[in-house]
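The values are calculated or read from the model by the stated rules, or taken from the named source; none is laboratory data. Since the structure is predicted, the reported quantities are computational estimates derived from the model, not experimental observations. So basically every Cβ, Gly included, is an ideal-geometry build from the backbone, and we count neighbours across all protein chains shown.
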Amino acid sequence: MKEAAGFHFKTYLLIAFIAFFAPLGNVLLGKGMKNVGSARNWAPSEVVQILERILGSGYIWLGIASLLTFFVAYMLVLTWADYSYVQPSSSLAYAVTGVLSYFLLGETITPLRWLGIAVICVGVFVVGHTPPRTTEPA
């Protein structure tokens, strides 16, 4: 990884953005699509009505904005941090997904699922505390 002033702060900040905005976008899209409903017979008129409901849904647009925020943060952090560090660190999004699904979607998260999320977070902690091994240019 390239060392720069404020490297740790900006990296942690953007990883926090990645870990929050990716699941937020997905949860908002899920909530929006549940409100839209599904096509029953896929008649062209019904598909047009569904597309109109999708384009008119505030949850869908907020989800898209959240996913765009995630994508920009992801691209930025990959310009200076190792992918082998960023990708596992962004797995903290699993914990955020569980919390957001519980509070925004009203889903029940079983204790076994919470345990799985905790195992992932511990793995992320271990990966985050290992030194980077970037290959030096020849």
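Filtering the stretch 68-106 to residues that are modelled with pLDDT of 90 or more, surrounded by fewer than 17 Cβ atoms within 10 Å (Cβ to Cβ) and farther than 22 Å from Gly123 by Cα leaves Leu68, Phe71, Val72, Met75, Leu76, Tyr102, Phe103. Do we have any residue at all in the stretch 36-53 that's at pLDDT 85 or above and within 18 Å of the chain's Cα centre (by Cα)? No: the stretch 36-53 contains no residue that is at pLDDT 85 or above and within 18 Å of the chain's Cα centre (by Cα). Pairing each residue of the stretch 44-55 that is over 19 Å from Gly30 (Cβ atoms) and acidic (Asp, Glu) with any residue that is at pLDDT below 85 and not in a helix (DSSP H, G or I), provided the two are 6+ apart or on different chains, yields C-beta distances under 6 Å for Glu46/Ala39.
So, restricting to helices (runs of 4 or more DSSP H) that lie completely within the stretch 21-130, which ones have at least 1 residues that are under 28 Å from Phe9 (Cα atoms) and in contact with a helix residue (DSSP H, G or I) (Cβ under 6 Å, 6 or more places away or on another chain)? Write out each step before concluding.
Numbers: elements: 44-55, 58-78, 83-89, 93-104, 111-128.
Fully inside the stretch 21-130 and qualifying: 58-78, 83-89, 93-104, 111-128.
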